[in-house]
Structure formats: structure tokens, C-alpha cells
Amino acid sequence: EGESVTMKQREFPRLKDKVVLIPGAAQGLAGVSARTLVFLVLSGLATGASWLCFYRALQLGDMNRVVPIDKSSTVMTMLLALIFLGEGLTFGKAVCMAAIAAGTLLMIRRAPAAAGEPPKRAAGTVYALLSAVFAALTAILAKVGVRDIDSNLATAIRTTVILAITWGVVFATGIGGKLRELTGHNLLFLVLSGIATGLSWLFYFKALQTGEASRVAPIDKLSVAITIFLGIVVLHEQVSWNVIVGGLLIVGGSLVLLL
């Protein structure tokens, strides 16, 4: 009997901890101010729009061209943070912006089209630029919205908005029925991509909460080097010297903020 009581005592706190998660989340949501909620929702809307434009750009253009254009949102974010958030412009930030801007321009130089290639690159470039604009707005709006709230809860609220947008677009455009056409290979990589995105967001918005947007955004964009490398190794995309030099400028400019 003594052992059974002890076992119940051990099990009860575990059960209690699991149950408390629901009212705890409800209390957290109840404490969110209207201002915070508005900015988080707007940030989610901007993220959803950025995603839609980004993946459309990937469909129409080369990844090693689309990604650098998308990452130009770094410079936009730093400028918007200077204007709207009052974050100062130090020498390091100026060097970072100049290097990233120069690297981006190098990487998006027009390459000669192959014979018979459909003229999709121009449309891909437009969508990539729109993705960058919305991504910059995402960071600024999220920085304001995440100030007075737990960063994980803020991420959850934004994710809910983004899911509503993306699924709404899927069914509004009548392509929801194509879900049955997805192969196991497609689903696997989409799920892995979603997991990676979720983890990236959790760290990114925690960083936004504790640091300046004009510093967090450039450091976060160091992922461009990894993306280009994987594009070469995994997808066998052709990369010119201007792409390599541009990538090094972007990485070097971002690393300046770590010094």
C-alpha cells in the first residue's frame, strides 16, 4: 500500500504539469494586450505574404538567385529599424549594410539564358523582391509585438496567423484537392522544412526580444552561405564567381556585427 501511494505521488505531479499547460496558455493569451496582438497579427500577415512570394520565386527562378534577393531584406530591416525603432547607426552596421548590399547586387546579376529556356527569371526576381519587402516588415512588426510577451507565445500566435493565410490561399485557389497527389517524398521534405522553420523562428524571435532588430536580422541571414552551398552540392546549380564573391561579402558583412 505504501508503494502504491508513493507511485501515485510520483505520477500526480507529472499529470498535473501536463494539464496545467492548457490553462497556462489560456492565461498567457488573456494577458496579451490589443496593441501587442495587432502587431503580432500584422507580422504574421507579412510573413505569410513573404512565404507565398518566396516559394513562387523559387518555382520560377534559380535558388542561388532567388535567395540572395530575398536576403536583401536585411538591409531593408536595418533601415526600417533606424527610422521606426530609433536604433542607432554605428560604423559596424554601416559596413554591414554596404557589404550586404554589394554582395546582393553581385549575386543577382543576370546570367545568360540557356537555349530554349522559358523567360521565367524576370517574374522570379519580382516575387523575390516582394518576399524581401514583406520579410523586412515581418521583423519590424514582430520586434514591436514581442516586447511585452513571451517570445514562444508570440511565435505561436504568429504561426496561427500564417497557417490561416496559407491554407486559406490553398483552398481559395482551388488547389486543395492536389494534396492527395503529394508523394511520401514530398511530405517528408516539407515536414522536415517545417520543423527547421519552427526551430528557426523560436530562436529568431527570442533574439528579437532581447536584441536590436538591426543586429539580429543580419546575423540571421548568415544562412545564405549555407543555402548557396547546399544549392551547389545537393541541387547541382551552376554558380559563377560573382555569386561566390557576393556570398562572401554578405557573410563578411554579417560577421562584422559579431565583433
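In table form, for the structure just shown:
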| quantity | calculated |
| --- | --- |
| Segment 198-259 shape via C-alpha gyration tensor axes, a/c threshold 1.5 | oblate |
| In range of the label at A196: residues from segment 227-244 whose backbone nitrogen is under 16 Å from the point 7 Å along Cα→Cβ | 227-237 |
| In Å², nearest 10: area of E181 left accessible to a 1.4 Å probe | 130 Å² |
| In sequence order, calculated HN-Hα J values of segment 164-174 (Karplus, 6.51, -1.76, 1.60; Hz; x Gly/Pro) | 4, 5, 5, 5, x, 5, 4, 7, 5, 8, x |
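The values are calculated or read from the model by the stated rules, or taken from the named source; none is laboratory data. All values derive from a computational prediction rather than experimental measurement. All Cβ positions, even for glycine, are placed from backbone atoms using ideal geometry, and neighbour counts span all protein chains on display. When the accessible area is computed, the model is the full protein with side chains, heavy atoms only, and any ligands, DNA or RNA have been set aside. Shrake-Rupley method; radii C 1.70, N 1.55, O 1.52, S 1.80 Å.
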